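Here is the structure we will look at.
The values are calculated or read from the model by the stated rules, or taken from the named source; none is laboratory data. Quantities reported herein were computed from a predicted structural model and do not represent experimental measurements. All Cβ positions, glycine included, derive from the backbone under ideal geometry; neighbour counts span all protein chains shown. These area figures cover heavy atoms from the full protein model, side chains too; ligands, DNA and RNA do not enter into them. Shrake-Rupley method; radii C 1.70, N 1.55, O 1.52, S 1.80 Å.
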Amino acid sequence: MAKVLVVTSGKGGVGKTTSTAALGAALAQMGQNVVVIDFDVGLRNLDLVMGAERRVVFDLINVVQGVAKLPQALIRDKRLENLWLLPASQTRDKDALSEEGVKHVIADLKTKFDWILCDSPAGIERGATLAMRYADEAVIVTNPEVSSVRDSDRIIGMLDSKTVRAERGERVEKHLLVTRYDAGRAARGEMLSIDDILEILATPLARHRPGKPGRAARLQCRLSGHAERSKQRAGAGLYRRGTPPDGRGGGDDRAGSTQGVDGSATATEGGMMNVMRLFGGRAASAPVARERLQILLSHERGRTGAPDLLETLRSEILSVVSKHIDVDPDKVVVRMDRGKFVSMLEVDIEVPNGVQRSKMVAAT
């Protein structure tokens, strides 16, 4: 059975595209038939990382809109014959994607491949939601920065609410990939530690990778074919040292104990805690940042979760009431007024005069 895996994040520049290519190469090297899809319409880079930028004729948008057939747009890797690429368009925007079109493409790919890896654009706009829409599993890529972790929490919430699996009451299996991690700086309290991130996001760690200037650029050259067999080695290293998406293998990912395959970004994030000190007016540190982030996320989760909670309460109340009397579902209203210390739940059910008993009750 084919699996759909989305590689996603809230922030850009954390290493999604490089990680997608490496995971695809690792799975292909293990004998799996793999296709990687670039959903970053307008800003495609997966073809460049994989060394296929000059071979793009048709793209995802062409297939979705019926301009080209899927086999015409698929590009086979030159080194791994069971690895394929479906590139994004550089001349269109994300509005050109449709949910129905993506559904048909994914369904078609499932008949041809074992793994479908979706390289999502950053953020929560249309391209990102469509990239995760049909996912069975997800790799959330984050940096040990408060802003990146906060955005990752929002992405986790979307995976739990806006995917097809979530709508069926099923879970999207999630794995966390932390890039640009420095165990020494984490020990000094200059960045969030792995334990901090896992506690905040409550998502299993697949892998963490140290960030060293130049490492990402070197891997990108290797992935694009400038060093023989290095794509396979890079992907296999990422796969072997961490917990793979399907649960096989595994390695020791304790803080400070791993060597990264790549850094996924050449820029440093060393100024983050100093910036927080500048604006916070106190000696900011990773523990302080963690506490502030936990408080913030607790508030945001409660606020964003309120509509879903109210809808659940409304459905359950309607289910109970309809067992006894016939009521119009549109006339059942549930409201919640949140106060500083106490929240008030109000249930308003309109019952017409002379209402009949429910047919369900009458039948019993």
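Here is how the numbers come out for the structure above:
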read-out	value
Distance in nm between pseudo-label sites at S315 and R55 (7 Å out along the Cβ direction from Cα)	4.6 nm
Surface accessible to a 1.4 Å probe, Y181 within the full protein complex, Å²	10 Å²
Entries of K112/K174; K16/K78; K16/K112; K11/K162; K11/K103; K174/K323 with Cα pairs more than 30 Å apart	K174/K323
Packing-based order for 83-90, 4-11, 61-68, using average beta carbon neighbours within 10 Å, highest first	4-11, 83-90, 61-68
